[in-house]
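Asks: Let me begin by handing over the structure; questions about it come next.
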Amino acid sequence: MIDPHGRPINYLRVSVTDRCDFRCVYCMSENMTFLPKADVLSLEEIDRLCSAFVGLGVKKLRLTGGEPLVRKNIMSLIRNLSRHLQTGQLDELTLTTNGSQLPKYSEELFDCGVRRINVSCDTLDPEQFAKITRWGNLQQVFNGVEAAKKAGLKVKINAVALKGSNETEFDNMIKWCGDNGFDLTLIETMPMGEISGDRNDQYLPLSIVRSRLRKNWTLTDIDYQTGGPARYMRIEETGQRLGFITPLTHNFCESCNRVRLTCTGTLYMCLGQDDSADLRSPLRKSADESALIEAINEAISRKPKGHDFIIDRRTSSPAVERHMSVTGG
Ligand code: SAM
Ligand code: SF4
């Protein structure tokens, strides 16, 4: 699949549920209304959709959410999708998780051919963690990453940089990641969906973080790519990589190779735009995939050039109404 701007599309991210066991302050409001279960695709339907994308050339599949590992029977989907790894059609099957369920699932994930996972953890301070996630317990995540490591999964930690919250912790996190052999990626908060607070109070440009970190760490530019939007540097003192995802200060759209599917079968061609395609109707209309494939190709032909996120005092509404948990981060 090639989009109208000449970019090959070979990466599908799938939000398998909009539900979550945490309520991170930048991601969700405290009182979220979740989708009625009847609107959500069954695991068999998600498999059919993912497999259609694999047939069209998708090489990397990332399951996300909400929290992908709280979806009932999620391992049956992962096991079924792993057949595409065995045939060689898919290069990578991975997921982004908050880590809370990793003690339960790490070994099985490895057994299904998952080799790398992203675990989101914004702080190493239990009190701060409880504040950021509203409902979370940091020890659960520590147990999760420990289990993942033991199972042989390569862990990358993702942390959203939050002004006045975790901004003093990055030195500590770099050290902790160094000690554990984890790469770390910092992310700028994006204006997606109404949250209970003001995003201006949270937004911390990573350009500022990077120059602060240079005081204590030797950061060398490297040419490492994972097929994602992060730009990586090597931290010479730890030997681990440090990634920066900067949708606000440096737009990364020119190399965008992905599209995003929600758990209701809506395809978003850009994280920061509202244009979408309904794939649930063609999926349910027929057991034959031709209408579905036509709908996917039509959607790719509408992939926009890029997003336009702004967080400042004059822009009070989010760039898109849906939360990150709907489209999948
Ligand atoms: N629950 C899983 C987790 O937290 O990793 C997967 C879904 S979560 C939506 C995926 C990623 O999006 C997480 O790393 C999270 O920190 C990030 N995220 C959520 N809302 C965000 C926002 N408004 N701006 C930037 N990143 C956000
Ligand atoms: Fe849940 Fe992940 Fe959103 Fe936090 S960032 S509320 S863990 S979906």
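Asks: What is the local net charge at Ser290, summed over the other residues whose Cβ is closer than 15 Å to its Cβ (Lys, Arg +1; Asp, Glu -1)?
Replies: Here the count lands on -1.
Asks: Ok, one more. Let me have the 222 nm mean residue ellipticity of the chain computed from DSSP H runs of 4+ only, each contributing -39500 (n - 2.57), with the sum over all residues rounded to the nearest 500.
Replies: -8500 deg cm²/dmol
Asks: What is the Cα convex hull volume of the chain when expressed per residue in Å³?
Replies: Enclosed volume per residue, from the Cα hull, is 126 Å³.
Asks: Take Ile300, Ile293 and sort them by solvent-accessible surface of the protein heavy atoms, 1.4 Å probe, largest at the top.
Replies: Descending order: Ile293, Ile300.
Asks: Holding the Cα-Cα limit at 27 Å, pick out from Lys72/Lys154; Lys72/Lys285; Lys60/Lys156; Lys154/Lys305; Lys104/Lys163; Lys72/Lys156 the pairs that are longer than that.
Replies: Violating the 27 Å limit, Cα to Cα: Lys154/Lys305; Lys104/Lys163.
Asks: Please give the contour-minus-distance gain from Thr33 to Lys131: 0.36 nm per residue of separation, less the Cα-Cα distance, rounded to one decimal in nm.
Replies: Length difference between fully extended and current span is 33.2 nm.
Asks: Please list, in chain and number order, the residues 5+ apart from Ile9 or on another chain whose amide H is under 5 Å from its amide H, with Hs placed from the backbone.
Replies: Ile2, Asp3
Asks: Could you pull out which residues in the stretch 60-75 have an amide N less than 20 Å from a spot 7 Å beyond the Cα of Asn143, following the Cα-Cβ vector?
Replies: 67-75
Asks: What translational diffusion coefficient, to the nearest whole µm²/s, does the stretch 48-202 have by Stokes-Einstein, given a Kirkwood radius computed over alpha-carbon pairs, a temperature of 20 °C and 1.002 mPa s viscosity?
Replies: Estimated via Stokes-Einstein, D reaches 128 µm²/s.
Asks: Another question, then. Could you order Glu44, Glu167 by accessible surface area, starting with the largest, using a probe radius of 1.4 Å?
Replies: Glu44, Glu167
Asks: Still on this structure, I have one more. I need two numbers for the stretch 177-280: Rg to one decimal and Dmax as a whole number, Cα atoms only, in Å.
Replies: Taking only Cα atoms of the stretch 177-280, I get Rg and Dmax of 16.5, 51 Å.
Asks: Can you send over the carbon and sulfur percentage of the accessible area for the chain, probe radius 1.4 Å, protein chains only?
Replies: That share works out to 48 percent.
The values are calculated or read from the model by the stated rules, or taken from the named source; none is laboratory data. Predicted model, so just to flag it, every value in this text is computed and none were measured. Backbone-built Cβ (ideal geometry, glycine too); neighbour counts: all protein chains shown. Surface accessibility is based on the protein's heavy atoms, side chains included, excluding ligands, DNA and RNA. Shrake-Rupley method; radii C 1.70, N 1.55, O 1.52, S 1.80 Å.
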